[in-house]
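I'd like to ask some things about the structure below.
The values are calculated or read from the model by the stated rules, or taken from the named source; none is laboratory data. None of the values given here were measured: they were computed from a predicted structure. Cβ placement follows ideal geometry from the backbone for every residue including glycine, while neighbour counts extend to all protein chains displayed.
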Amino acid sequence: MVIIGSDHTGIELKKQIIAYLQQKNISVKDVTDYEDQTGDDYPDIAWTVCKNVLDNECLGIAICGTGIGISIACNKINGIRAAVCTNEYMAKMTRADNNANVLCLGSRLVYDNIFSIVDVFLTEQFSGDRHQRRLDKIEKIEQSQKDGVDYGDSV
Ligand code: RB5
């Protein structure tokens, strides 16, 4: 399953991506499918998308105007690795190297082929190995902040 959500700027783009995924028989859950999305704030959308991604152990797509604000908010949530991708290479590398679990898209950006970016993000696999070591360090940074210790003292 793929989780998807957008703020008020991204409703149309979200619908297009849902239709695209459904046509490919990919199960997609719209977590912002409610009547009045006027003025929806991207941090709230980030939380809803990410909570569903973590609960379902799956990938997510989060949309705001630029993709940037929502990615900043998503990356505050423990266990989330969110990436703004504007081309297929970014989508491929953020899955392979960063094991990204949320793709952030900008509804106000012009993409050459947004569906192709979505395809790559959903199919590319994490390559593990030395990249896992680096992700472990990101987790350690998160943990050190929770514990109130200086990560720099341990490296
Ligand atoms: C909303 O106007 C806009 O600020 C939001 O969608 C997003 O682009 C923020 O980064």
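Determine, yes or no, whether C104 is hydrophobic (A, V, I, L, M, F, W, C) and outside any helix (DSSP H, G or I).
yes
Just for the stretch 44-66: of the residues that are within 8 Å of the chain's Cα centre (by Cα) and outside any helix (DSSP H, G or I), which one is farthest from the ligand (Cβ to nearest atom)?
That would be L59.
Filter the stretch 1-24 for residues that are away from the ligand (no atom under 16 Å from the Cβ), within 14 Å of L103 (Cβ to Cβ) and not in a helix (DSSP H, G or I) and give the result.
Those that are away from the ligand (no atom under 16 Å from the Cβ), within 14 Å of L103 (Cβ to Cβ) and not in a helix (DSSP H, G or I): V2, I3.
Please tell me if D40 is in a loop (DSSP other than H, G, I, E, B) and either at pLDDT 95 or above or within 16 Å of the ligand (Cβ to nearest atom) (or both).
Yes, satisfied.
Something else about it: Restricting attention to the stretch 67-76, which residues are near the ligand (Cβ under 8 Å from one of its atoms) and either buried (at least 17 other Cβ atoms within 10 Å of the Cβ) or in contact (Cβ under 8 Å) with a residue 40 or more places away in the chain (or both)?
Of everything in the stretch 67-76, those that are near the ligand (Cβ under 8 Å from one of its atoms) and either buried (at least 17 other Cβ atoms within 10 Å of the Cβ) or in contact (Cβ under 8 Å) with a residue 40 or more places away in the chain (or both) turn out to be G67, G69, I70.
Another question, then. Within the stretch 102-119, restricting attention to residues that are charged (D, E, K, R) and away from the ligand (no atom under 14 Å from the Cβ), which residue is nearest to D44 (Cα to Cα)?
Only one residue tops the list, namely D119.
What are the pairs with Cβ atoms under 7 angstrom where one residue, in the stretch 2-24, is crowded, with 21+ Cβ neighbours inside 10 Å and of a type in the set (S, T, N, Q) and the other, located anywhere, is assigned to a helix (DSSP H, G or I) and at pLDDT 95 or above? Sequence gap at least six, or different chains.
Hits for this filter: S6/L13; S6/K14; S6/I45.
Somewhere in the stretch 135-145, is a residue touching a helix residue (DSSP H, G or I) at 6+ places or on another chain (Cβ under 6 Å) and free of Cβ contacts under 8 Å to residues at least 12 places away in the same chain?
yes
Search the stretch 78-101 for residues being within 16 Å of the ligand (Cβ to nearest atom) and part of a loop (DSSP other than H, G, I, E, B), and hand back the single one that is farthest from Q132 (Cα to Cα).
Only one residue fits best here, namely T86.
Same structure, new question: Only residues that are assigned to a helix (DSSP H, G or I) and surrounded by fewer than 15 Cβ atoms within 10 Å (Cβ to Cβ): list them for the stretch 116-139, please.
If the condition is that a residue be assigned to a helix (DSSP H, G or I) and surrounded by fewer than 15 Cβ atoms within 10 Å (Cβ to Cβ), then S116, T123, R130, H131, Q132, R133, R134, D136, K137, I138, E139 are the ones that fit.
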